[in-house]
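Colleague: I am attaching a structure below and will ask some questions about it afterwards.
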Amino acid sequence: MSDRIAISVEGNGADATAQCWSCGAMRAAHFCDSCGHVQPPIPTDFFSFFGLPRKLNIDLNQLERSFYALSRKLHPDIYARSAEDEQHWSMEKTSQLNDAYRTLRDPISRTEYLLKLEGVRMEEQSKTATELARIEGGTKKQVLPPDLLEEVFELNMQLEEARTNKKMGEADPQLAVDLQRTKKHLEEKYSALDVELHGYWNQWDALVAGQEAGKSVSAEERKQIRDRMVDLLNRRSYIRNLVRDVSEVLES
């Protein structure tokens, strides 16, 4: 990752080049190679900002080094005596840098961001479910993972019993032990999803590498891997909410 990267314009993934605003030389992404001046921000995705392909396995140590190197070079204090435009560009690019780093360093944010670039809107799926629940006068329903069907049914009964006990001021030590055991099991399932997600990352990255090597990749192949990641993220969200519900009951 360096400043000598192709400029990929957000939205079409195409490379674009331009001349340095100051000396007219071919500009790099962030600074001119000839005169060193900071370049105006352009709309680009977070992967391209760091000169990365749209892959999900990232060298986080290298990402961090690139982040701090760019942070130092873009720091607004450096441009305190520069032209007003350069001061403004340094602040805009610093904001882009922080957003890109914060998103790419987190594995789930990175996955959701790539899915967004691929046209998947996880947040819109959630909003749609919320709106549907509002219209129907109910609560938002999440898709229950089939492998948790029996466990969730039993868990909901236990949670309801525990809440009732709490209202009545009654203690049930065995129920508390059962809930602790269930919570531990759910946390293990939650952790196991990370391994599964990395498997999908590898599939996606192999697909992208194949494209880079000139191999033809169909839209259906891309969709299949995207759908697997979306399904996993939904299951992950469901299990996280279950763990939260159990924790709230145990701590109340």
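The values are calculated or read from the model by the stated rules, or taken from the named source; none is laboratory data. Keep in mind that what you see is a predicted model, and the values were worked out from it rather than measured. As a convention, Cβ positions derive from the backbone with ideal geometry for all residues, glycine included, and neighbour counts pool all protein chains shown. Quick note on the areas: whole protein, heavy atoms, side chains included, nothing else; ligands and nucleic acids left out. Shrake-Rupley method; radii C 1.70, N 1.55, O 1.52, S 1.80 Å.
Colleague: Rounded to the nearest Å, what's the spacing between the alpha carbon centres of the range 38-101 and the range 201-230? Just the number, please.
Modeller: 28 Å
Colleague: Same structure again: Keeping every protein chain present and rolling a 1.4 Å probe, give me the accessible area per residue for the range 144-252 in Å².
Modeller: Ligands and nucleic acids excluded, the figure is 61 Å² per residue.
Colleague: Still on this structure: Probe radius 1.4 Å, ligands and nucleic acids ignored: give me the carbon and sulfur share of the accessible area of the range 180-219 as a rounded percent.
Modeller: In the range 180-219, the share of accessible area belonging to carbon and sulfur is 54 percent.
Colleague: Still on this structure, I have one more. At 1.306 mPa s and 10 °C, plugging the Kirkwood radius over alpha-carbon pairs of the range 25-131 into Stokes-Einstein gives what diffusion coefficient in µm²/s?
Modeller: 104 µm²/s
Colleague: Under 17 Å Cα-Cα from Lys183, which aspartates and glutamates qualify once same-chain neighbours fewer than 8 residues away are excluded?
Modeller: Asp147, Glu150, Glu151, Glu154, Glu160, Glu161, Asp172, Asp245, Glu248, Glu251
Colleague: What list of whole percents do you get for P(r) of the range 170-252, with Cα-Cα distances grouped in 5 Å bins up to the one holding the largest distance?
Modeller: Per 5 Å bin, starting at 0, the Cα pair percentages come out as 3, 13, 18, 15, 12, 10, 8, 7, 6, 4, 3, 1, 1, 0.
Colleague: Quick one: which of 242-252, 22-32 comes out on top by average Cβ neighbours within 10 Å, and what's the full order, highest first?
Modeller: Answer by packing, highest mean first, reads 22-32, 242-252.
Colleague: Starting from the 7 Å offset along Cα-to-Cβ, what nm value, one decimal, do you get for the label separation of Ser218 and Ala206?
Modeller: For Ser218 paired with Ala206, the spin-label model returns 1.7 nm.
Colleague: Counting heavy atoms of the protein chains only and a 1.4 Å probe, report the per residue accessible area for the range 16-122 as a whole number of Å².
Modeller: Accessible surface, normalised per residue, equals 51 Å².
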